[in-house]
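Following: one structure in structure tokens, then a few remarks.
The values are calculated or read from the model by the stated rules, or taken from the named source; none is laboratory data. Fair warning: this is a prediction, and the values are worked out from it, not measured in the lab. Virtual Cβ from ideal backbone geometry, glycine too; neighbours counted across all protein chains shown.
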Amino acid sequence: MSYLPIIWCNDYRDNASNAVARVATEPRWLQKFGEFESERGTNHERTTGENRRHHWGSTGIGLATAKRFVKEGAYVFITGRRQAELDKAVAEIGRNVTAVQGDVSNLDDLDRLYKEVETKKGKLDVLFANAGIVEPKPTAAVSPEHYDKTFDVNARGVFFAVQKALPLMKEGGSIILTGSGIWQKGIPIYATYGATKAALRSFVRTWTAELAGKGIRANVISPGPIETPILKGQFGENTDAMKERFKTMIPMGRIGKPEEVASAAVFLASDESSYITGIDLPVDGGVVAV
């Protein structure tokens with residue numbers, strides 16, 4: 001593979017240590033995901049400072065995808081907010097990688113990233129936009145600040161990351177966004193997060209039509225529960241219990257691996273998927289299918 005992809009390595013994650021207080025008997029979705037005791041306040045309390053920010057790229061989907069692209073022969077650019085975590089990722093990837101520190105919600109940082117790509121390589125084959133934030137909250141607990149932050153990173157940031165990449169995209173290039181099946185299910189406590197992922201699905205539909213004349217394909221990958229720091233970030237000390245609960249919801253009966261999402265990204269970037277565009281590809285063990 002001679003592709004030159006950009007991998008967005010996430011370093012947004014809100015840590016909520018007591019996500020599931022008790023198991024509810026109804027309704028169905030609350031029974032599966034656990035119920036918040038809203039009369040005493042949400043158990044997802046937003047923390048402050050560095051405890052709230054962990055770099056997914058060092059252990060999760062971003063890193064696994066970058067490593068897989070390099071294994072296939074690509075040169076990759078990875079980006080995230082925390083230089084120390086980027087340095088660790090570069091060391092683990094080992095070769096054919098440049099890290100550019102930046103924030104997906106900062107348009108100046110996006111300009112600086114693409115200037116680096118243009119200077120070093122000239123053009124871009126693949127954009128894998130994987131940055132995102134999830135801070136589960138029931139609707140009554142959503143503040144304007146939470147709403148704006150979630151949409152700034154998950155929707156606005158991704159939109160402008162793609163817009164600013166387009167002048168560098170080669171004919172036949174591939175845009176891949178990381179979505180989620182949550183927007184299809186209507187799951188309590190994920191109103192804002194689910195809406196941002198629905199926005200990504202809409203973006204891809206539009207870009208499929210707009211960019212077809214340039215031979216650029218756009219697709220979404222929607223992971224289910226994946227073994228990454230996001231699980232502990234959402235569920236804290238209840239993580240193991242929630243993993244077991246997730247397994248009962250997943251037809252394949254297990255949590256997914258970051259490498260399985262990486263395989264889907266490589267497929268959508270390659271000529272093996274040359275007639276595939278505009279799709280939302282679930283990588284979720286069958287969750288949204290049943």
* Structure fact -> By residue number, the members of region 66-106 that are among the hydrophobic types (A, V, I, L, M, F, W, C), touching a strand residue (DSSP E or B) at 6+ places or on another chain (Cβ under 8 Å) and part of a helix (DSSP H, G or I) are ALA66, PHE69, VAL70, LEU86, ALA89, VAL90, ILE93
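Run down ILE175, ILE182 and say which single residue is over 21 Å from PHE267 (Cα atoms) and either at pLDDT below 95 or buried (at least 18 other Cβ atoms within 10 Å of the Cβ) (or both). Let's see the steps before the verdict.
Working: ILE175 fails: over 21 Å from PHE267 (Cα atoms).
Checking each option against the conditions leaves just ILE182.
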* Asked: In the list ALA99, ALA129, ALA161, which residue meets the criterion of being in contact with a Cys (Cβ under 9 Å, 6 or more places away or on another chain), crowded, with 22+ Cβ neighbours inside 10 Å and within 22 Å of GLN83 (Cβ to Cβ)?
  -> ALA99
* To do: Look at region 229-241 and say how many of its residues are touching a helix residue (DSSP H, G or I) at 6+ places or on another chain (Cβ under 6 Å) and either hydroxyl-bearing (Ser, Thr, Tyr) or closer than 17 Å to GLY181 by Cα (or both).
  => 2
* Being crowded, with 22+ Cβ neighbours inside 10 Å, at pLDDT 95 or above and among the hydroxyl-bearing types (Ser, Thr, Tyr), is that true of even one residue in region 56-72? -> yes
* Asked: Which of the residues belonging to region 132-161 are in contact with a Lys or Arg (Cβ under 9 Å, 6 or more places away or on another chain), small (Gly, Ala, Ser) and within 18 Å of ILE175 (Cβ to Cβ)?
  -> GLY132, ALA155
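Can you tell which of GLU227, GLU210, GLU272 is at pLDDT 95 or above, within 25 Å of LEU63 (Cβ to Cβ) and surrounded by fewer than 20 Cβ atoms within 10 Å (Cβ to Cβ)? Give the steps one after another, and end with the answer.
Details: GLU227 fails: at pLDDT 95 or above; GLU210 fails: within 25 Å of LEU63 (Cβ to Cβ).
Within the list GLU227, GLU210, GLU272, the selection yields GLU272.
Filtering region 245-262 down to residues that are outside any helix (DSSP H, G or I) and exposed (fewer than 14 other Cβ atoms within 10 Å of the Cβ), which residue is nearest to the chain's Cα centre (by Cα)?
Step one: of region 245-262, the residues outside any helix (DSSP H, G or I) are 250-257.
Remaining after also requiring exposed (fewer than 14 other Cβ atoms within 10 Å of the Cβ): 251-254.
Values: PRO251: 22, MET252: 22, GLY253: 22, ARG254: 20 Å.
Among residues in region 245-262 that are outside any helix (DSSP H, G or I) and exposed (fewer than 14 other Cβ atoms within 10 Å of the Cβ), the one nearest to the chain's Cα centre (by Cα) is ARG254.
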* To do: Please find, among ALA91, ALA155, the residue that is out of contact with any Gly (no Cβ under 8 Å at 6 or more places or on another chain), over 18 Å from ALA64 (Cα atoms) and not polar (S, T, N, Q).
  => ALA155
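In region 259-277, what count of residues is obtained for those that are in contact with a Lys or Arg (Cβ under 6 Å, 6 or more places away or on another chain) and under 13 Å from VAL220 (Cβ atoms)?
The number of residues fulfilling the criteria is 1.
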* Tell me which residues, restricted to region 107-143, are at pLDDT 95 or above and of a type in the set (S, T, N, Q). => THR119, THR139, SER143
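If you check ARG156 against the conditions, is it among the basic types (Lys, Arg), under 23 Å from SER202 (Cα atoms) and in contact (Cβ under 8 Å) with a residue 40 or more places away in the chain?
Answer is yes for this residue.
I'd like the full set of residues that are of a type in the set (D, E, K, R) and without any contact (Cβ under 8 Å) to a residue 24 or more places away in the chain, limited to region 77-102. Let's see the steps before the verdict.
Of the residues in region 77-102, the ones of a type in the set (D, E, K, R) are 81-82, 85, 87-88, 92, 95.
Within region 77-102, just ASP87 meets the criteria.
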* Among ALA265, ALA218, which is part of a helix (DSSP H, G or I) and within 21 Å of GLU72 (Cβ to Cβ)? -> ALA265
* Residue list for region 268-280, restricted to those being within 14 Å of SER180 (Cα to Cα) and either assigned to a loop (DSSP other than H, G, I, E, B) or out of contact with any helix residue (DSSP H, G or I) (no Cβ under 6 Å at 6 or more places or on another chain) (or both) -> ILE279
* Hits in region 74-92 (condition: loosely packed, with under 14 Cβ neighbours inside 10 Å and either within 14 Å of LEU127 (Cα to Cα) or touching a Ser or Thr at 6+ places or on another chain (Cβ under 6 Å) (or both)) -> none
